[in-house]
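Asker: I have a structure here, written as structure tokens, and I will follow up with some questions on it.
The values are calculated or read from the model by the stated rules, or taken from the named source; none is laboratory data. Keep in mind the model is a prediction, meaning the values are calculated, not measured. Cβ: placed from backbone, ideal geometry, glycine included. Neighbour counts: every protein chain shown.
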Protein chains: 2
Amino acid sequence: MTNADETEAPGMPVHRATELLRDMISAHDEFLSHLGRELAVNTTDLTAMTHLISGGPLGATELAKRLGMSTAAVTTVVDRLEAVGHASRFQNPTDRRAVVIVPSAASVSQAMGLIMPMITGIDRVLDEFPAEQRGVITNYLERVVSIYQAQVPAHAHGAMQL
Amino acid sequence: MTNADETEAPGMPVHRATELLRDMISAHDEFLSHLGRELAVNTTDLTAMTHLISGGPLGATELAKRLGMSTAAVTTVVDRLEAVGHASRFQNPTDRRAVVIVPSAASVSQAMGLIMPMITGIDRVLDEFPAEQRGVITNYLERVVSIYQAQVPAHAHGAMQL
DNA sequence: TTTATTTTATTAGATTGTCGAACTACTTAT
DNA sequence: ATAAGTAGTTCGACAATCTAATAAAATAAA
């Protein structure tokens with residue numbers, strides 16, 4: 001919009017750290033795809049599982065909201081998860097229309113077994129740095145996130161959570 | 001009806017910077033989805049455009065390789081991009097079987113107009129830090145990327161590039 | 001309380017995006 | 001010159017999503 005001719009692709013010279021941010025994002029994507037492969041589920045179903053794992057048992061409508069899709073689609077998501085034993089439907093005791101979707105213990109621990117080493121590994125990196133350097137890192141990330149948020153018009157759905 | 005605040009990630013307390021990494025990734029996902037909305041293309045087609053923009057005009061087979069999909073699927077990707085004027089097919093002068101897919105100038109500058117402010121904005125954050133702090137940040141990200149790469153069995157496709 | 005409205009989840013039918021296999025046109029190797 | 005390989009398309013099938021139309025239950029209104 002604003003700027004005139006820019007024929008230089010995303011590849012104009014940037015700080016090394018900026019490149020690393022891009023590398024990190026693509027490494028993250030590969031991690032998610034690895035996770036999906038391990039659990040034998042597609043992207044959507046993997047995202048559903050992470051919501052079920054971190055958000056506790058959920059109803060179909062709530063899950064639909066979090067996945068940014070219709071409840072009809074969620075019905076099939078849960079069908080698929082049930083089919084491979086990753087989750088089950090239970091009746092909601094306080095609302096007989098509603099369903100409670102519960103991730104299976106085995107699947108939760110399988111997923112956690114893959115996710116936790118990654119998270120703790122990344123978290124421990126910070127322990128390699130003295131406190132005041134950690135502060136610098138935190139400030140930097142804080143600023144980066146705020147830049148992202150400033151550029152994106154703040155609505156819209158559709159992202160992959162971890 | 002709507003939940004109170006459920007911002008509990010899988011697991012235990014982590015450094016603030018680790019949380020910010022997660023926030024950044026999800027902000028990035030939203031940015032991509034914003035981009036797709038603006039250019040009126042789906043995720044795959046957006047990814048194709050970024051490859052065409054940053055990788056120069058490509059053949060269908062090469063594009064298929066970069067997108068991690070069949071050449072048959074790429075045929076339809078390019079059909080869609082052509083339909084909305086984001087790209088055109090040309091004949092490869094040195095191989096009469098082959099096609100050269102060229103992104104339209106208007107679409108390139110539209111995309112760049114959205115992408116460049118983000119990239120430069122993020123890159124400029126580093127200018128707010130003195131050189132030795134930039135070094136700390138770079139080291140940190142280097143370590144994080146290496147953790148990611150260590151955890152993922154290093155094959156497989158399927159990620160969104162920017 | 002009976003009726004009307006809203007909410008929850010499912011099913012049905014249409015659409016989109018992908019795949020693999022078959023095919024055409026061309027290129028490269030023998 | 002013939003055989004083999006490569007580039008891209010078309011075709012038929014399938015998976016994942018959507019919207020619209022239910023059915024059943026909860027909630028609000030009368």
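Asker: Check A:Thr47, A:Thr138, A:Thr61, A:Thr43 and return the single one that is within 13 Å of another protein chain (Cβ to nearest Cβ) and away from DNA strand D (no atom under 16 Å from the Cβ). Reasoning before the result, please.
Answerer: Values: A:Thr47 fails: away from DNA strand D (no atom under 16 Å from the Cβ); A:Thr61 fails: away from DNA strand D (no atom under 16 Å from the Cβ); A:Thr43 fails: away from DNA strand D (no atom under 16 Å from the Cβ).
None of the others qualify; the one that does is A:Thr138.
Asker: Among the residues of the range B:8-22 satisfying the criterion of being at pLDDT 95 or above and crowded, with 17+ Cβ neighbours inside 10 Å, which is farthest from A:Phe129 (Cα to Cα)? Don't jump to the end; show me each part of the working.
Answerer: First, the residues of the range B:8-22 that are at pLDDT 95 or above: B:14-22.
From the residues that got through so far, the ones that are crowded, with 17+ Cβ neighbours inside 10 Å too are B:14-15, B:17-22.
Working: B:Val14: 15, B:His15: 12, B:Ala17: 12, B:Thr18: 13, B:Glu19: 17, B:Leu20: 17, B:Leu21: 16, B:Arg22: 20 Å.
Among residues in the range B:8-22 that are at pLDDT 95 or above and crowded, with 17+ Cβ neighbours inside 10 Å, the one farthest from A:Phe129 (Cα to Cα) is B:Arg22.
Asker: In the range B:30-40, how many residues are facing another protein chain (nearest Cβ under 9 Å) and surrounded by fewer than 18 Cβ atoms within 10 Å (Cβ to Cβ)?
Answerer: 1
Asker: To continue, here is another question. Which of the numbered conditions does A:Ile115 fail, given that it passes all the others? Conditions: (1) without any contact (Cβ under 8 Å) to a residue 60 or more places away in the chain; (2) at the interface with another protein chain (Cβ under 8 Å from one of its Cβ atoms).
Answerer: (1)
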